[in-house]
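Take a look at this one; I'll ask things after.
The values are calculated or read from the model by the stated rules, or taken from the named source; none is laboratory data. Just so we're clear, the structure is a prediction, and the values are computed from it rather than from any experiment. FYI the Cβ positions are ideal-geometry reconstructions off the backbone, even for glycines, and counts take in every protein chain you see. Heads up: the accessible areas ignore ligands, DNA and RNA and are worked out on the full protein's heavy atoms, side chains in. Shrake-Rupley method; radii C 1.70, N 1.55, O 1.52, S 1.80 Å.
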Amino acid sequence: MTSKTLFVRALTAVDASVWSNTRGLHGISQHLDLELDGAVGHDGMLFDFGDVKPWAKRMIDQDADHTLIVPSQADGVSVTDCPEGLCLRFTQPYAMEVRGPRQAFCLLPVAEVTTVVLANHFEKLLTRRLPPRVEALRVRLRDECIEGAAYTYSHGLRHHSGNCQRIAHGHRSPLVIERNGVRDTALEAEWAEKLNDRYLAEEGDLIDRPGRELVFSYEAPQGRFRIRLPRKQVWLLPTPTTIEWIADWLARQIALDSGDSIRVEAYEGINKGAIARHTPETARQPLVLPEHEEMPATS
């Protein structure tokens with residue numbers, strides 16, 4: 001029987017943080033495209049489209065999605081056991097230490113994590129459990145096409161019940177800012193540059209300020225997490241770093257800085273996010289957080 005190829009574009013999105021010896025900690029949000037080769041059955045199909053996504057997404061979610069992806073063979077990278085699970089230390093381009101349960105990290109035996117390296121990793125992962133009739137597959141990862149300003153960030157959500165609780169996962173996001181009802185691309189570029197490759201942290205998770213570093217730690221359903229990194233890499237927020245509060249924080253800061261009415265569209269990776277609006281008057285009002293609130297299931 002002749003082999004056929006089935007394809008699914010943007011089957012899922014991969015959101016994670018990556019360590020690089022040139023950029024340090026940074027977020028990624030990438031589309032995953034999949035091609036499947038195999039024989040068509042008596043039903044005229046190779047693989048039901050309705051089954052493709054849950055099969056692939058489940059395996060990817062359990063592997064690298066919402067983790068810190070680490071090139072374990074890069075210079076200055078060390079991985080050791082610790083009471084939390086794994087302790088990862090980095091020296092280039094700056095010093096950082098992260099601790100957490102093993103499932104919070106994806107260790108790749110390479111010197112640099114690239115899009116091709118990660119796609120090959122997913123190919124090997126999915127090939128281990130090929131569905132019936134499927135003989136081979138190919139994975140392609142690609143960035144979202146963003147017109148305008150974009151930035152990457154990493155964070156963790158202590159109150160989240162899912163994988164967003166992992167202290168170093170991240171996203172690549174567009175940024176849209178309107179000043180007095182008109183889109184301001186200069187403001188977008190300015191703030192995207194300020195935020196790019198930064199760690200967004202909640203002040204309540206800060207436990208120490210040794211020298212020029214900050215240390216954050218919390219207990220979450222998956223275990224205990226801890227991260228230590230340079231102060232210059234961090235933006236401290238008075239709230240949890242959910243996208244709802246990131247958008248609100250940005251709108252407040254920009255309204256106070258500019259003296260204008262500000263509307264912010266902040267994205268959490270691809271095609272999802274939150275909108276916040278502030279004037280200088282509302283931005284000066286005391287911030288009131290709901291007491292004992294369950295955090296929304298966003299990252």
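Any chance you could run the full-extension gain for Val110 through Asp208? It's 0.36 nm times the residue separation minus the Cα-Cα distance, nm to one decimal.
32.0 nm
I would also like to ask the following. For the chain, what does -39500 (n - 2.57) per DSSP helix run (n ≥ 4), summed and divided by total residues, give at 222 nm, in deg cm²/dmol to the nearest 500? Walk me through the numbers before you get to the answer.
Numbers: 5 runs with 58 residues, N = 299.
Helices in the chain give a 222 nm mean residue ellipticity of -6000 deg cm²/dmol.
Please calculate how many Å² of accessible area the stretch 129-204 carries per residue, with a 1.4 Å probe and no DNA, RNA or ligand atoms counted. Display every interim value, and only then the final one.
Numbers: 3390 Å² over 76 residues.
For the stretch 129-204, the solvent-accessible area averages 45 Å² per residue.
Most mobile of Gly27, Gly259, Gly41 per a Gaussian network model of the chain (Cα springs, under 10 Å)?
Gly41
The stretch 66-170: which GluC sites (Glu not before Pro) are DSSP loop and have at most 14 other beta-carbon atoms within 10 angstrom?
Those satisfying the criteria are Glu112, Glu147.
Kindly state, to the nearest 0.05, the FRET efficiency for Leu236 paired with Ile146, given R0 = 30 Å and r defined as their beta-carbon distance.
So, using R0 = 30 Å, E works out to roughly 0.70.
First measure r as the distance between the Cβ atoms of Asp48 and Leu256, then evaluate 1/(1 + (r/R0)^6) with R0 = 51 Å and state the FRET efficiency to the nearest 0.05.
FRET efficiency, Asp48 to Leu256: 0.45.
Ordering Phe49, Phe105 by accessible area with a probe of 1.4 Å, largest first, what comes out? Please list the in-between numbers first.
Values: Phe49 125, Phe105 20 Å².
The ordering from most to least exposed comes out as Phe49, Phe105.
To continue, here is another question. Can you tell me how the stretch 133-209 classifies by the Cα gyration tensor, rounded, prolate or oblate, using a/c under 1.5 as the rounded cut?
Verdict is oblate for the stretch 133-209.
Using a 1.4 angstrom probe on the protein heavy atoms only, line up Thr185, Thr282 by accessible area, largest first.
Order by accessible area, largest first: Thr185, Thr282.
Something else about it: Pop out the carbon and sulfur fraction of the accessible area of the stretch 32-105 as a percent, whole number, probe 1.4 Å.
Accessible surface attributable to carbon and sulfur in the stretch 32-105 totals 49 percent.
Considering only Gln165, Gln62, Gln222, give the residue with the highest GNM mean-square fluctuation for the chain, with springs between Cα atoms whenever their separation is below 10 Å.
Comparing Gln165, Gln62, Gln222 in the GNM, the peak value goes to Gln62.
Subtracting the Cα-Cα distance from 0.36 nm times the residue separation, let me have the gained length for Arg23 to Glu135 in nm, one decimal.
Values: separation 112, 0.36 × 112 = 40.32 nm, distance 3.80 nm.
This chain segment gains 36.5 nm when fully extended.
Another one. Using a 1.4 Å probe on the protein heavy atoms only, what accessible surface does Arg102 show? Give it in Å² to the nearest 10.
130
If you count the DSSP beta bridges with both ends in the chain, what percent of them are antiparallel, to the nearest 5?
85
Here's something else I'd like to know. Isolated Cys in the chain by the 4.7 Å beta carbon test?
Here Cys106, Cys145, Cys164 come out as lacking a disulfide-compatible partner, given the Cβ-Cβ threshold of under 4.7 Å.
Could I ask something else about it? Classify the stretch 234-277 as rounded, prolate or oblate from the Cα gyration tensor: take a ≥ b ≥ c as the square roots of its eigenvalues, call it rounded if a/c is under 1.5, otherwise prolate when a/b beats b/c and oblate if not.
Since a/c reaches 1.5 but b/c is at least a/b, the shape of the stretch 234-277 is classed as oblate.
Count the lysine pairs in the chain whose Cα atoms lie under 26 Å apart, taking only pairs 8 or more positions apart in sequence or on different chains.
9
Rounded, prolate or oblate: which fits the stretch 122-260, taking a ≥ b ≥ c as square roots of the Cα gyration tensor eigenvalues, rounded meaning a/c under 1.5, else prolate when a/b beats b/c?
Here the stretch 122-260 falls in the oblate category.
Among Lys124, Lys272, what's the order by accessible area (1.4 angstrom probe), most exposed first?
In descending accessible area the options line up as Lys124, Lys272.
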